[in-house]
Amino acid sequence: MPAVYSPQFDTDVFKGQPNINTGLFINNEWVDGSSGTFIEYVISPKLTPTSSNSPYFFLSHSVLNPTNGKLLTKVSEGTSKDVDLAVVAAQKAFDTVWGTHSSAAQRSSLLNKLADIMESRFNELCAIEALDNGSSFLSYLI
C-alpha cells in the first residue's frame, strides 16, 4: 500500500489535513511502483556547462517546498512496467465498461460528478497547489 502525505493547513481560508496518495493509480487502485523506488520532480534553475548565463532546468529526486527548500514528501516512481500495466488496465476498462459500453449521458454524469467533487474541495485543492508551488494561497482564489 502506497504512503499517504497529509500536510497540516491552518489558514484563514482552509484548515485541515488532506490525505494525498503518493502511489500510482493503476487499475482503479493506488499501488506502489513496481521498482519500489521513489521520485518527484522539482524544476530548479541551473546554469548549462556551455553558458554561464542561460537558464537550464533540471529534475531533482526530491519533493521540496519551494519557499524553504525542505523536503515535503516522496512519491512512487513509475517505470515502463507500470506504464504497461496501466495501459492494459485502461484498455480493459475501455473495452468492457467504458468506451462504447457507456452512453454519452453516463460519461457526462461521471464528469459532472468529478467537477462537483473538485468544487466542493476547492479550498483544499488551492492549499495543496500553493504548497506545491510555493505561491500564495490567495492567488488561487482569484
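Some points to look at:
- Residue ID - surrounded by the fewest Cβ atoms within 10 Å (Cβ to Cβ), chosen from residues in the stretch 1-30 that are of a type in the set (A, V, I, L, M, F, W, C) and in a loop (DSSP other than H, G, I, E, B): Met1
- Of all residues in the stretch 77-98, those being surrounded by 15 or more Cβ atoms within 10 Å (Cβ to Cβ) and closer than 10 Å to Ile26 by Cβ number 5.
- Listing of helices (runs of 4 or more DSSP H) fully contained in the stretch 31-142 that carry 3 or more residues being at pLDDT 90 or above and within 20 Å of the chain's Cα centre (by Cα): 80-96, 104-120
The values are calculated or read from the model by the stated rules, or taken from the named source; none is laboratory data. Small disclaimer: the values here were computed from a predicted structure and weren't measured. A quick note on method: Cβ atoms are made from the backbone with ideal geometry, for glycine too, and the neighbour counts reach across all protein chains shown.
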